[in-house]
Ligand SMILES: Nc1nc2c([nH]c(=O)n2[C@H]2C[C@H](O)[C@@H](COP(=O)(O)OP(=O)(O)OP(=O)(O)O)O2)c(=O)[nH]1
C-alpha cells in the first residue's frame, strides 16, 4: 500500500484505498477567524470553500505535506511548532474516497498578510478570506468538511 493510501471497506466488501489529504485551519492572530480558500473551476469540488491543503505525496509525511501545501498555495511557512493535529476522518465521494487530516495552525499569518474584511488572492489564483469561526456555517464546504466545521464552530480546540 502506498504511503498516501488508507485501506477502507468498499461496497463490495473489498478493501479500497482512500486518498490522504492534509488541511490547514490557519488561525488569525485574534483567534476568532480562520483562512478559507475557494476551489477554482476545473478541479474536484470546484467552487466550494475549503481549508488550504492538498494531497499527501507518496513518500511524504503528513506534516511535510502540510508545510508544502501551505507554502505552495499561500506562501506561508508552517513548522511543526505552529501546528497540531485536530482530527482525521474518512469520507466517500462518488469519485473518490478521502482521508482528511486537519491541522490547527497558529502564529504563521499576521494581520499584514491579509487584513480582516478584505479578499485576497493565493499563489494559485484562488480567492482567500478570513472568516469568523461563528460564520463558517454561511460557507459552502465540501460534504466531508461538515464534522470539521461543526467542531470548529463549537470552539472545541
Ligand atoms: N484542500 C482541500 N481539499 C479538500 C477539502 N475538503 C475535501 O473534501 N477536500 C478534498 C478535495 C479533493 O478531492 C482532495 C484534495 O485535493 P486537491 O485537489 O486540493 O489536492 P492538491 O492541492 O494536491 O491538488 P493537485 O496538486 O492534484 O492539483 O480533498 C478541504 O477543505 N481542502
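The values are calculated or read from the model by the stated rules, or taken from the named source; none is laboratory data. None of these values were measured; they are calculated from a predicted model. Ideal geometry is used to build each Cβ from the backbone, glycine not excepted, and the neighbour counts take in all protein chains shown.
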Going by the structure shown, is residue 138 farther than 15 Å from residue 25 by Cβ and surrounded by fewer than 17 Cβ atoms within 10 Å (Cβ to Cβ)?
-> yes
Exception for residue 153 within (1) within 22 Å of residue 30 (Cα to Cα); (2) surrounded by fewer than 17 Cβ atoms within 10 Å (Cβ to Cβ); (3) away from the ligand (no atom under 11 Å from the Cβ); (4) at pLDDT 95 or above falls at (4)
The condition of being at negative phi, more than 9 Å from the ligand (Cβ to nearest atom), crowded, with 17+ Cβ neighbours inside 10 Å and within 13 Å of the chain's Cα centre (by Cα) holds, among 83, 37, only for 83
Counted residues in region 125-135 being more than 15 Å from the chain's Cα centre (by Cα) and either surrounded by 11 or more Cβ atoms within 10 Å (Cβ to Cβ) or at negative phi (or both) come to 3
Of (1) at pLDDT below 95; (2) over 28 Å from residue 134 (Cβ atoms); (3) within 11 Å of the ligand (Cβ to nearest atom), residue 55 satisfies every one except (1)
Do we have any residue at all in region 103-122 that's loosely packed, with under 12 Cβ neighbours inside 10 Å, in contact (Cβ under 8 Å) with a residue 24 or more places away in the chain and within 12 Å of the ligand (Cβ to nearest atom)? no
By residue number, the members of region 40-76 that are in contact with a strand residue (DSSP E or B) (Cβ under 6 Å, 6 or more places away or on another chain) and at negative phi are 49, 50, 51, 52, 55, 56, 62, 65, 66, 69, 70
